[in-house]
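What follows is a single structure, written as structure tokens, with notes after it.
The values are calculated or read from the model by the stated rules, or taken from the named source; none is laboratory data. These numbers come from a predicted model, not from an experiment. With ideal geometry, Cβ positions are generated from the backbone for all residues, glycine too; neighbour counts draw on all protein chains shown. SASA here: full protein model, heavy atoms, side chains in, ligands and nucleic acids out. Shrake-Rupley method; radii C 1.70, N 1.55, O 1.52, S 1.80 Å.
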Amino acid sequence: MSNIRNHTVTFSGSVFTLPYFAILVFVLSMTACGSSKKVAKAKANYANMQNGVKEQNLSEVKGASIDGYVLQNNDRVFFNALRSYLGNSFDTAFVSFNYYNSLDSTDATTYYYLAQIKGRYNYLKETLKDAQKSVALSPENKWMKSFYAGILAFNEQYDSAANLFLEIGRNNPGDRENSYLAASRLLQKAGKTEASIAILDTLLSYHSPNDENILQEKQAVYLKSGKMEEALQVTRQLVEAYPLSPEYLVQIVEIYELDNEPLKSADAVKVLEKQFPKNEDVTSYIFGYHLKKRNVDAVAEKLKDYLETAESSQEKDLSILNQIGAYMSGNRGDTSVLTYLSELTEKIVKDKPNNLSAKRLLASLNLYGGKEEQGVAMFRSLIGAHPQNYVLWTPLLEHYMYTAKFDTALEVLDHMEKTFPDSIDIPFNKMLIAEWQKNHKTALKYGFTGLDLAQKQKSKEKEILFYNSIAHYYHELGQHKESDSVYDALLVKDPENVMALNNYAYFLSERGERLDFALNLSKKTLEMDFNNSNNLDTYGWILYKMRRYEDAKFYLEKAVTVAGDQVSAVILEHLADTEFRLGNEENALKIWRAIDDAGQGSSFLKRKIKERNIYE
């Protein structure tokens, strides 16, 4: 057995750009298949950098002491490589670590850093190779294992990644929960339900048997794999453990519905109703349940119950409208339901003229049920009587925005602004209207107004929303420097904001700028959600822009598969362009023509088809 020495690793690297890295990897991986002037120049550049690294380390003397630390063989080479890495000189770090590796091929940490650098530039095969070596040389290092497991998962090698996470959890109690959960989710992706559940059961043995988060994980695994009886057992356990949470009784109803057990779901509804007789949201849900079943008498009874319950919270949105909307979206031709509900509500208004919730519901049903004038008049009357009640204004505003009556919507917003000067929704809706009218300069102005309010009110969710919008409007106005600056600031505040990561990456790719950095941004979105067609498209398109066409095709084809029937013309055209670059002209033409026949595609599409060439 050899005596393996490695330097300590206790952290992972950060996102960076690699100005020369692509050419360096190319030189190192190049075969002897002929040499162009470009290749010769690249070899010369690499040789010069390597010589520089060697000269930098000539002064090393084994046994010399630096601040009390006695140098071992080649330590100075390693520390100079690490200094370059930490100083963001990644091209020099890459050459330096390779030089150190030529002196000591048994150092795990060197392979780890080489994998980090290659991984940040998204050379997946090379990253996997070096990450695997680092783990083989230092099998107890959890940081190396975690990095390797993440790369395996990104490459859809779910079983292998899960095993590594399990090893980390077993050997490091402080990391057990996160590592076991990661392993369970990966095995679920691999279709290994029983193994996934076994890990969760093991994790439960270290916690309370009714741990809510772990039980929810088990429930999700069973539901995704279609094991309804097992999902019900876990949900019943949640009901017993958390009797004050109606959501789990609701989930039992829904599971029975998914499993086509109408009698059992009806019994579960009765239990839910008995347990939470005065809960507004529960009453609304039960109303929606009976509406889907078209149980006329039950619908009338639950509507009356709901409107009585809702009176205790007159400044809340009417949740019953969500139930009605959900029904109508699945039964668009059934307008008789709206008529029936309007008649029921009108009767309740007559019987209880002081019930504000009934009046609000009737006004909404009129507004969206073909009686627009009556609905508008009712809401204006209600606003006149209760001008400080914010929820009376919003249906009227939404109606004008939905029907594209933007001038009237802006008038309503101006009136609202006088009564509710601190409402973040007002600049947000004005921003949306300006965007829909393609007036990005005005949209930008309202974006900054909303951002200011969000920051003053410490609303991080709205702050992030406005940051994303402002960056987008700067992009649309051609102010790319400002757009990039806003995205940079946003990603400091919220490093895992998928919308910002994806849009920033895509905008950079469209400009052909900082493609290595863009690819890293896009890679983060895939690490969080690999089954998102837009994220896959962005990643593939950046690879296309980098002329890595085979890699691009893999991700673009996956984007098409994930999108299914909802695939966009943009994704298809990206795939067709990639096919063309790979020499598959007939495939490209077939896709281009299909897009054109659908009346979609870029402004270059017809020219591509006519001239059988690429234009971007």
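Values computed for the structure shown
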item	result
Residue list for segment 176-219, restricted to those being over 21 Å from Q237 (Cβ atoms) and assigned to a loop (DSSP other than H, G, I, E, B)	A190, G191, K192
Single unsatisfied condition, A266 versus (1) buried (at least 20 other Cβ atoms within 10 Å of the Cβ); (2) under 20 Å from Y306 (Cα atoms); (3) of a type in the set (A, V, I, L, M, F, W, C)	(1)
Of all residues in segment 136-178 being among the small types (G, A, S) and open to solvent by less than 10 Å² (accessible area, probe 1.4 Å), the one that is farthest from the chain's Cα centre (by Cα)	G169
Filtered residues of segment 304-322 (kept if at pLDDT 90 or above and open to solvent by 90 Å² or more (accessible area, probe 1.4 Å))	K304
Some residue of segment 585-597 being outside any helix (DSSP H, G or I) and either free of Cβ contacts under 8 Å to residues at least 60 places away in the same chain or surrounded by fewer than 21 Cβ atoms within 10 Å (Cβ to Cβ) (or both)	no
Residues located in segment 418-438, provided they are in a loop (DSSP other than H, G, I, E, B) and surrounded by 12 or more Cβ atoms within 10 Å (Cβ to Cβ)	F420, S423, I424, Q437
Qualifying residue in segment 384-407 (condition: charged (D, E, K, R), at pLDDT below 95, within 26 Å of F428 (Cα to Cα) and open to solvent by 50 Å² or more (accessible area, probe 1.4 Å))	yes
Subset of segment 191-216 [among the charged types (D, E, K, R) and either farther than 21 Å from L166 by Cβ or open to solvent by 40 Å² or more (accessible area, probe 1.4 Å) (or both)]	K192, E194, D201, E212
Scope segment 521-580; condition touching a His at 6+ places or on another chain (Cβ under 9 Å) and not aliphatic (A, V, I, L, M); matching residues	D537, G540, W541, Y544
Boolean, N122 is modelled with pLDDT under 90, assigned to a loop (DSSP other than H, G, I, E, B) and under 29 Å from Q188 (Cα atoms)	yes
Qualifying positions in segment 307-351 - part of a loop (DSSP other than H, G, I, E, B) and free of Cβ contacts under 8 Å to residues at least 40 places away in the same chain	S319, N331, R332, G333, D334, T335
Residue in segment 217-241 that is nearest to E280 (Cα to Cα), counting only those that are of a type in the set (G, A, S) and open to solvent by 30 Å² or more (accessible area, probe 1.4 Å)	A241
Residue tally, condition basic (K, R), open to solvent by 60 Å² or more (accessible area, probe 1.4 Å) and either touching a strand residue (DSSP E or B) at 6+ places or on another chain (Cβ under 7 Å) or part of a helix (DSSP H, G or I) (or both), over segment 272-303	3
Segment 323-344: number of residues that are open to solvent by 70 Å² or more (accessible area, probe 1.4 Å) and either in contact with a Lys or Arg (Cβ under 7 Å, 6 or more places away or on another chain) or of a type in the set (D, E, K, R) (or both)	2
For H415: the one exception among (1) open to solvent by 30 Å² or more (accessible area, probe 1.4 Å); (2) under 30 Å from Y340 (Cα atoms); (3) out of contact with any helix residue (DSSP H, G or I) (no Cβ under 7 Å at 6 or more places or on another chain); (4) part of a helix (DSSP H, G or I)	(2)
Complete set of residues in segment 125-135 that are over 29 Å from the mean Cα position of the chain (by Cα) and either outside any helix (DSSP H, G or I) or of a type in the set (A, V, I, L, M, F, W, C) (or both)	V135
The lone exception for N366 - which of (1) surrounded by 16 or more Cβ atoms within 10 Å (Cβ to Cβ); (2) modelled with pLDDT of 95 or more; (3) more than 30 Å from the chain's Cα centre (by Cα); (4) more than 19 Å from Q457 (Cβ to Cβ) it fails	(2)
Count of residues meeting criterion [of a type in the set (A, V, I, L, M, F, W, C), part of a helix (DSSP H, G or I) and in contact with a Leu (Cβ under 8 Å, 6 or more places away or on another chain)] in segment 538-575	10
Residue satisfying all of: in segment 576-616; in contact with a Leu (Cβ under 9 Å, 6 or more places away or on another chain) and among the basic types (K, R); nearest to N531 (Cα to Cα) among these	K608
Matching option when the condition is closer than 24 Å to T309 by Cα, in contact (Cβ under 8 Å) with a residue 24 or more places away in the chain and in contact with a helix residue (DSSP H, G or I) (Cβ under 7 Å, 6 or more places away or on another chain), among Q275, Q237	Q275
Single residue of N520, N502, N535 found to be touching a Lys or Arg at 6+ places or on another chain (Cβ under 8 Å), in a helix (DSSP H, G or I) and crowded, with 16+ Cβ neighbours inside 10 Å	N520
Selection count, segment 242-263, where residues are open to solvent by 80 Å² or more (accessible area, probe 1.4 Å) and either touching a strand residue (DSSP E or B) at 6+ places or on another chain (Cβ under 6 Å) or within 28 Å of S313 (Cβ to Cβ) (or both)	2
Residues of segment 596-616 that turn out to be closer than 19 Å to K545 by Cβ and among the acidic types (D, E), as a count	1
Filter pass, L365 being touching a Gly at 6+ places or on another chain (Cβ under 9 Å) and part of a helix (DSSP H, G or I)	yes
Flag if A268 is at pLDDT below 95 and assigned to a helix (DSSP H, G or I)	no
